[in-house]
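Asker: Quick one: structure below, then a few questions.
The values are calculated or read from the model by the stated rules, or taken from the named source; none is laboratory data. Keep in mind it's a predicted model, so treat the numbers as computed, not measured. Because the Cβ atoms are built from the backbone with ideal geometry, glycine has one as well, and the counts that use them run over all protein chains shown.
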Amino acid sequence: MCAVQFIVYAEAVNISSYPSKSMPVRKTNPKKVPRLTHLDSRGRIRMVDVGEKPVTRREAVARGRIAMARATLAAIIGGKMKKGEALSAARLAGIMAAKRTHELIPLCHQLPLEVVEIDFRPDRTRGALEIEARTVTQARTGVEMEALVAVSIAALTIYDMAKAIDRAMEIGAIRLVAKRGGRSGEFIRPGEAAWPSR
């Protein structure tokens, strides 16, 4: 572990002209400054102790997209890939990955998942496949990482299934869309509309 120390000599710094009118000062409350919960007081990584938290229902929704040629998208939607049905493979891969998130992300807790849903929405105009994952648990900590991992692995599986015809596919926009439950309450990303039920 490397420690870096910064030393400021008072005689070398002139701050008599600050703050200026062009640089407004914003007062901050030290009690409200967010901190990284995976770091202890000495800056070392740790697994967060959630033993005192109540068990509550927690839900998360994540989305991502994989851009591709329109012909590739048509082949995926039409089930014409040489490796087989790409969407089924990606859905199964996303579910399996969500269940093993704690093995992929070092400080994640192992959660008893009750629901893992993976859905796809083709964007034929832009040549992209949108991916959505929903995860649900009854636990002491959130299930956001499981949803994000599910989307990521589903996208990578689509790439693997279709790379023989389109190696220029691009995975991106992986993000948390919504979460519910827990001490921090509800989060909904602005501008994200609910997908129609199928």
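Asker: Within the range 170-197, which residues are part of a loop (DSSP other than H, G, I, E, B) and either in contact with a helix residue (DSSP H, G or I) (Cβ under 7 Å, 6 or more places away or on another chain) or crowded, with 17+ Cβ neighbours inside 10 Å (or both)?
Answerer: 181, 182, listed by residue number.
Asker: Taking the range 102-124 on its own, how many of its residues are modelled with pLDDT of 95 or more and of a type in the set (A, V, I, L, M, F, W, C)?
Answerer: Number of matching residues: 3.
Asker: While we're on this one: Against the definition (more than 18 Å from residue 63 (Cβ to Cβ), modelled with pLDDT of 90 or more, touching a Gly at 6+ places or on another chain (Cβ under 8 Å) and not in a loop (DSSP other than H, G, I, E, B)), how does residue 161 come out, yes or no?
Answerer: Against the criterion (more than 18 Å from residue 63 (Cβ to Cβ), modelled with pLDDT of 90 or more, touching a Gly at 6+ places or on another chain (Cβ under 8 Å) and not in a loop (DSSP other than H, G, I, E, B)), residue 161 qualifies.
Asker: Suppose the filter is in a helix (DSSP H, G or I) and touching a Lys or Arg at 6+ places or on another chain (Cβ under 8 Å); does residue 147 pass it?
Answerer: Yes.
Asker: Got at least one residue in the range 46-59 being modelled with pLDDT of 75 or more, surrounded by 16 or more Cβ atoms within 10 Å (Cβ to Cβ) and not hydroxyl-bearing (Ser, Thr, Tyr)?
Answerer: Yes, that holds for at least one residue.
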